[in-house]
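Some notes on the structure that comes next.
The values are calculated or read from the model by the stated rules, or taken from the named source; none is laboratory data. Just so it is clear, the structure is predicted and the values come from calculations on it, not from any experiment. Glycine gets a Cβ as well: all are built from the backbone with ideal geometry, and neighbour counts include every protein chain shown.
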Amino acid sequence: MTASSASALISVLLDGNAREDERDDAAMDLSGFDEPEVRAALARVATDPAESELVAASAGESLAELWMARGAVDRAVFERLVPVARAEVAGLLGRRAPLLLPDV
């Protein structure tokens with residue numbers, strides 16, 4: 001996958017006029033790109049209380065995947081996650097990388 005693919009996916013994810021299923025797919029697909037702008041876009045969605053629960057949960061799951069690959073959780077983002085996104089992160093980390101789970 002290329003940087004232009006990541007940019008296109010970020011555009012879909014952040015497009016409030018795009019269909020929810022398209023934004024959800026974009027959130028999931030972004031887990032394959034460990035780039036600052038990807039993490040920022042996922043965090044923006046996963047911390048927005050006005051965001052669709054489906055999309056926020058998928059953004060949280062993708063953040064968890066990226067954090068596991070990096071071996072570190074961004075605690076500042078984790079603490080701001082909306083409940084559904086936090087549940088996804090905690091569930092995934094709890095099953096696959098419990099030592100990364102922040103104590104909050």
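Would you be able to say whether some residue in segment 51-70 is in contact with a helix residue (DSSP H, G or I) (Cβ under 6 Å, 6 or more places away or on another chain) and part of a loop (DSSP other than H, G, I, E, B)?
Yes: segment 51-70 contains one or more residues that are in contact with a helix residue (DSSP H, G or I) (Cβ under 6 Å, 6 or more places away or on another chain) and part of a loop (DSSP other than H, G, I, E, B).
When segment 59-85 is examined, which residues are found to be more than 11 Å from A43 (Cα to Cα) and not acidic (D, E)?
L66, W67, M68, A69, R70, G71, A72, V73, R75, P83, V84, listed by residue number.
Can you find a residue in segment 28-45 that is over 14 Å from the mean Cα position of the chain (by Cα) and modelled with pLDDT of 95 or more? Outline the logic, then answer.
Going residue by residue through segment 28-45, those that are over 14 Å from the mean Cα position of the chain (by Cα) are none.
No, that holds for no residue.
Which residue is surrounded by the most Cβ atoms within 10 Å (Cβ to Cβ), if the candidates are limited to segment 1-14 and must be of a type outside the set (G, A, S) and touching a helix residue (DSSP H, G or I) at 6+ places or on another chain (Cβ under 7 Å)?
Of all residues in segment 1-14, those of a type outside the set (G, A, S) come to 1-2, 9-10, 12-14.
Remaining after also requiring touching a helix residue (DSSP H, G or I) at 6+ places or on another chain (Cβ under 7 Å): 1, 9-10, 12-14.
Numbers: M1: 10, L9: 23, I10: 22, V12: 17, L13: 26, L14: 13.
Taking the candidates together, the pick is L13.
What are the residues in segment 71-95 that are free of Cβ contacts under 8 Å to residues at least 12 places away in the same chain and either assigned to a loop (DSSP other than H, G, I, E, B) or under 15 Å from R39 (Cβ atoms) (or both), if any?
A76
Of all residues in segment 1-38, which are of a type in the set (D, E, K, R) and assigned to a helix (DSSP H, G or I)? Show your work before the answer.
First, the residues of segment 1-38 that are of a type in the set (D, E, K, R): 15, 19-25, 29, 34-35, 37.
Across segment 1-38, the qualifying residues are E20, D21, E22, R23, D24, D25, D29, E37.
With respect to A59, is the statement that it is surrounded by fewer than 19 Cβ atoms within 10 Å (Cβ to Cβ), small (G, A, S) and without any contact (Cβ under 8 Å) to a residue 60 or more places away in the chain true? Let's see the steps before the verdict.
On the way: surrounded by fewer than 19 Cβ atoms within 10 Å (Cβ to Cβ): no; small (G, A, S): yes; without any contact (Cβ under 8 Å) to a residue 60 or more places away in the chain: yes.
No, not satisfied.
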